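Asks: This is the structure, below, for whatever I ask next.
Every number in this text was worked out from the coordinates using simple rules, so none of it is lab data. Owing to the predicted nature of the structure, the values given are computational and were not obtained by experimental measurement. Neighbour counts run over all protein chains shown; Cβ positions are idealised from the backbone, glycine included.
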Amino acid sequence: MEKFYINVAMGTGGNIALSSFITAVKEKYPDKYKFYVCSPYFDLFFSNESVDGVYKPNEIRDFIFDCNSNKGKLILHRLYDMDGFVKKQLTYPMAWAELCGIKWEKEKAASTVSKMNPTKKYPYLKGQVESMLKQIKDNGFEDFIIVNFEGGVSPLQQVPPKVVKNEKGEDVQVPDWSQVPDNYDNEPLARHYPRELAQEFCNKFREAHPKTAIVNYSLPNQGNYDGTFKFTVPYLAYYELAKLPECSGIVAIDSSLQHLVAGLTKGVIIWGHSSNNEGDVLPFGYTSYKNIIQPCRRDDILFFSMLGSSGAKVDYIKPADLLKEVDAYIFNKEDK
């Protein structure tokens, strides 16, 4: 049995994509491979029963020594630096398969799904999800969608503390996210859906779907939108939230949410610079979603991000047109 020891130097979305790839490989080859992962997002891999071993970053020595003693294959190479990935020729699973030397069909490349069991390892997530749903229902909503219009900021970064009063009037320290830059204007590849357009979409959606709540998946220092719910909870809570029958779907950019809930619910994904403009099979996308390719000049975004920030202008989809796509794909409601 071949053993892989993978050190993941990537963000939330890349880690989730690896988790889904491992599950897909184990389902196809149940007795052929074992996977051991070292990652700052160790909670994600602890939630995946297909992963054979998980190491935290401070356990990197044991990770390497165990690989050596178990005659495993050590993978330290950053997927984002691979030739095919830089040139937008490989999807996440295709790239992981190439690094590992595992056969992978190209037509299946973007069809992995997220399969985890976070509440087995972290049972407190159940209470958080119940609280989120209660707030939604208590405000008169019957169901909800989850939106993700900004990305590129790690939830694991160090956040300065501030002192606030708790319910008992006691001084307690909490993270002060107002001191953390949100990196909104510094993305090498433009992925964000502009805040003013996102707010306009939320307004139009609220008018069209008065009984469907909008849950904003974002960090505390990222954009907030009128008429939406924003919860400060671990990202794995959103995995459980998306599994609920009350979740109608997601509307998202190319960021972590689409990876996290792939296969759990419907989704409309809007793409900017990170798209390779070749239809449904995208480097970071999934065929289970409706992928909206926004037009832009692509002469200087042929590559991933090795060339630095791109100045290519994105012709963002209008909020009214985005609502039509959402109505058609998520709610099965055609425009008349």
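Asks: Return the FRET efficiency for the residue pair residue 124, residue 224: r is the Cβ-Cβ distance, R0 is 25 Å, and the value is rounded to the nearest 0.05.
Replies: Efficiency computed from Cβ-Cβ geometry: 0.50.
Asks: Full-extension gain between residue 65 and residue 232, please, as 0.36 nm times their residue separation minus the C-alpha to C-alpha distance.
Replies: Extra length from residue 65 to residue 232 when fully extended: 56.4 nm.
Asks: Right, next: Roughly how many nanometres apart are two label points built 7 Å out from the Cα toward the Cβ at residue 196 and residue 325?
Replies: Between residue 196 and residue 325, the simple spin-label model gives 2.1 nm.
Asks: Using DSSP to call loops (not H, G, I, E or B), can you name the GluC sites (Glu not before Pro) in segment 21-60 whose Cβ has at most 14 other Cβ atoms within 10 angstrom? Show your work: numbers first, answer last.
Replies: Working: sites: 27, 49, 59; in loops: 49.
Sites meeting the loop and neighbour criteria: 49.
Asks: So how far apart, in nm, are the two label points at residue 105 and residue 207 if each is 7 Å from Cα heading toward Cβ?
Replies: 4.6
Asks: Below 14 angstrom from the Cβ of residue 1, what's the summed charge of the other residues (Lys, Arg +1; Asp, Glu -1)?
Replies: On the way: positive: 3, 26, 32, 34, 71, 73; negative: 2, 31, 52.
Residues close to residue 1 contribute a combined charge of +3.
Asks: Go through 56/243; 34/103; 32/88; 126/266 and tell me which ones have a Cα-Cα distance over 18 Å in this structure. Each step should come with its number before you reach the end.
Replies: Values: 56/243 27 Å; 34/103 15 Å; 32/88 29 Å; 126/266 22 Å.
In this structure, 56/243; 32/88; 126/266 lie more than 18 Å apart at Cα.
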